[in-house]
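Written out below as structure tokens is the structure these notes cover.
Throughout, read-outs are computed from the coordinates displayed, never taken from laboratory work. Owing to the predicted nature of the structure, the values given are computational and were not obtained by experimental measurement. Ideal geometry is used to build each Cβ from the backbone, glycine not excepted, and the neighbour counts take in all protein chains shown.
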Amino acid sequence: MSLLEVNGISKAFGGIHALDGCSLAVEQGSITGLIGPNGSGKTTLFNVITGYERPDAGTVTLRGTDVTNASPSTIFGLGLGRTFQIVRIFSRLTVMENMHIAVQRRGVRSLLRRWTAPDERAHAQELLDFVGISHLTDAPAENLSYGQKKLLEFAMILIAEPRLVLLDEPAGGVNPTLAAQLTDRIKTLNQRGITFLIVEHNMQFVMSLCDKVAVMHRGSLLTEGTPDQVRGNPAVLEAYLGD
Amino acid sequence: MKRSLNPRLVKIVWPLLLLVAAILFPLVFPNPALDNIAVLTLMYAAMATAWNIFSGYTGYNSLGHSTFFGFGAYVIALISVDKGLEGGFSLFLLVPVAGVVAALAAIPIGWITLRTRGHAFVVITLITVFIFQLLAFNLRGFTNGSIGLFLPAPGFGVDWFLLPYYYIQLAILVLALLTSLYIRSSRYGLWLLAIRDDEDRAEGLGVRTGTSKLIAFVISAFFVGMVGAMYAYFIGSIYPQYVFDPALTITIVLMAFLGGVGTLAGPILGAIILETAQQYFSIYAPTGLYQIFLGALFLIVILLMPQGIVPSLARLWTAWRVRRGAGGTPVAPERQPVAVEKG
């Protein structure tokens, strides 16, 4: 059984079929890349998987549990975190405050606990250190550069200790040094047991990171395989360059 | 550390000094006209603080808080009339009861109104005020309609009758402030602020948005309900149009905006400025001038410091300290984002 199974998902917006019977499986422990030309339905698929959009047909199964119509909050609670193509953080809060939103601890007592407690801060600080923005702890999040915001969004999800992380264009708009650093961090986390599904246009980033690549075209899966297999597949090139 | 004061100590000392000043105020200035204004100011400050707990933190601008003020006022009036209670200190025991009833009323009201967002929420909360005002007018057998209700006379001594109202109202304000402070420093408070910034994103990070909003709404209503009861007992009579009064919430909201929404000191500062100004104008200026003053003041605030007085001053203060080289909020070093070629 795969960690995440997407089965025959369809989603139409008016007359446009963003997803048309799309199926995809993400294996436990993998770093799976999801590529495809603009408008092939990658972000819509992410939205359906994470509960932001309801599909017209098909099912999404996470660790054997059907989560097809579950709310974003429920899906996140099951250990699936995501970042957005256009970064979404809480801009009027500080970096440290942002870090405490997604802490997954049940119970009223944890909610009423002061997030300023030393152990709470220390744990968040560790993760900020891990992604490399610990020098910005008390800065308002809106003052961060775009790349730094992306790193913050990533760290915010990690605090919830997810099993599967969906990254939507993590290297988009990020300078090459930061992108390289991100690659390194993703690999470290993967060794610690976190599975990744990554949408990315930067081919170098995808090829160096992913052990499996799935290609989407016109709302469904065109092909999948190792980076080398996908690179050598003429159908993929055709999808990108058009008929 | 000897030369400069410990900033944490300063943080504790300042509010305590202000509290002592507030406690001494009616004793130092035993002028009834002045203390009358002081009691009303404390009421507005408590309501603006309570409003801020919900609207300031979550970003849902409620114009419906008069509803809870009216509930509080009618609860204390109806119970004291129905039971034929006498005035005196014991009637203050009904104030928390009024708060609880207002909080209970806030559960269904919040449950319905919180299905909307943004401007729709503003409008629908304002409508609730009119609905309850109409009910108070028309359920004559229960509320006595437009004739109103009269509370028992307090029977306090002439030279100190304001003091009980003053100190109990001060206690309610302090309680509201401590609640607000506690929420702000808890993870629950961060949830509310996250809802303000991006509710859908918060939902996607496991924030129980619906329940969180409703609880803040209920806490907020509890304090406003208590103030409503205090007001009814203070004034002695209540009428539907004066307790379910849309102008009241608008005043509270303006106070919070003037001082600084989402801050602790902002709503209080706004209440002190506006209530004093209102009283001053009603005594010394021709009718209607206050509205012009209010309009002018808000133009100035919106144009020069749209976040309100407290955040704007805080920003100036930080800028001044940074210029003096004393350090301040760290600013992110700007890294130039490089566009990565797509395709």
Residue list for region A:208-219, restricted to those being away from chain B (no Cβ under 14 Å) and surrounded by fewer than 17 Cβ atoms within 10 Å (Cβ to Cβ): A:211, A:218
Residue match in region A:186-206 (condition: crowded, with 20+ Cβ neighbours inside 10 Å, aromatic (Phe, Trp, Tyr), in contact with a helix residue (DSSP H, G or I) (Cβ under 8 Å, 6 or more places away or on another chain) and in a helix (DSSP H, G or I)): yes
The listed residue being away from chain A (no Cβ under 14 Å) and over 15 Å from residue B:46 (Cβ atoms), out of B:190, B:264, B:205, B:254: B:254
Can you tell which of B:159, B:197 is more than 20 Å from the chain's Cα centre (by Cα) and facing chain A (nearest Cβ under 9 Å)? B:197
The residue that is surrounded by the fewest Cβ atoms within 10 Å (Cβ to Cβ), considering only those in region A:167-184 that are more than 9 Å from chain B (Cβ to nearest Cβ) and part of a helix (DSSP H, G or I), is A:184
Selection count where residues are surrounded by fewer than 19 Cβ atoms within 10 Å (Cβ to Cβ) and aliphatic (A, V, I, L, M), scope region B:200-213: 0
Given region A:52-166, what helices (runs of 4 or more DSSP H) lie entirely inside it while holding 1 or more residues that are within 7 Å of another protein chain (Cβ to nearest Cβ)? A:72-77, A:95-100, A:108-112, A:146-158
Every residue from region A:123-156 that is surrounded by fewer than 23 Cβ atoms within 10 Å (Cβ to Cβ) and touching a Gly at 6+ places or on another chain (Cβ under 8 Å): A:146
A careful count of residues in region B:220-251 that are of a type in the set (Gly, Ala, Ser) and surrounded by fewer than 24 Cβ atoms within 10 Å (Cβ to Cβ) gives 3
Starting from residues that are out of contact with any Ser or Thr (no Cβ under 7 Å at 6 or more places or on another chain) and not hydrophobic (A, V, I, L, M, F, W, C), keep the ones in region B:45-60 and report whichever is surrounded by the fewest Cβ atoms within 10 Å (Cβ to Cβ). B:59
Given the conditions (1) more than 15 Å from the chain's Cα centre (by Cα); (2) surrounded by 22 or more Cβ atoms within 10 Å (Cβ to Cβ); (3) away from every other protein chain (no Cβ under 14 Å), which single one is not true for residue A:36? (3)
Quickly run through region A:129-144 and pick out the residues that are touching a Lys or Arg at 6+ places or on another chain (Cβ under 7 Å) and under 22 Å from residue A:198 (Cα atoms). A:130, A:131
